[in-house]
1. Only one of these conditions is not met by SER47: (1) modelled with pLDDT under 75; (2) open to solvent by 100 Å² or more (accessible area, probe 1.4 Å). Which number is it?
2. Looking at this structure, is VAL105 open to solvent by 100 Å² or more (accessible area, probe 1.4 Å), at pLDDT below 70 and among the β-branched types (Val, Ile, Thr)?
Amino acid sequence: SFKKGTPESALRASLMLKQRDRQREEVEAYKASIATETSKVGQDMTSKFSSVTDDTEARVRAKTYGLVTLEQMRAAQDLVEVEKSLPTVTAAPEPVKRKKVAEKVVVSFNMDDEEEDGVGGGEGEG
């Protein structure tokens with residue numbers, strides 16, 4: 001920015017602009033460091049309260065109970081490892097169930113038709 005005035009004031013103004021830019025960069029760096037620290041705090045918090053037990057060990061225990069032979073234990077461990085290596089299939093959303101529209105039944109109250117069929121429990125027979 002060109003301003004009218006003495007060369008000393010122009011020099012002073014340029015130095016102040018550089019200082020202001022430096023301060024902005026420092027503030028941005030400080031904000032970035034705060035953001036990384038808060039993200040680390042969240043990660044530390046979840047790791048502090050996570051379960052210590054191993055998932056595979058819990059699965060093996062669920063599959064084997066009581067006294068088992070070494071072969072049975074190894075088979076259960078192998079089965080859990082195979083299950084762990086398989087990709088997990090998420091449940092597909094259930095399709096929307098549509099109500100079935102019942103077929104329309106033609107209802108006739110014409111008394112002459114019943115007498116011709118001979119089906120009526122009617123008054124004319126008897």
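1. Of (1) modelled with pLDDT under 75; (2) open to solvent by 100 Å² or more (accessible area, probe 1.4 Å), only one is false for SER47: (2).
2. Values: open to solvent by 100 Å² or more (accessible area, probe 1.4 Å): yes; at pLDDT below 70: no; among the β-branched types (Val, Ile, Thr): yes.
No: the conditions fail for VAL105.
The values are calculated or read from the model by the stated rules, or taken from the named source; none is laboratory data. Quick caveat: nothing in here was measured; it's all calculated off a predicted structure. We work out accessible area using only protein heavy atoms, side chains counted, and drop any ligands, DNA or RNA first. Shrake-Rupley method; radii C 1.70, N 1.55, O 1.52, S 1.80 Å.
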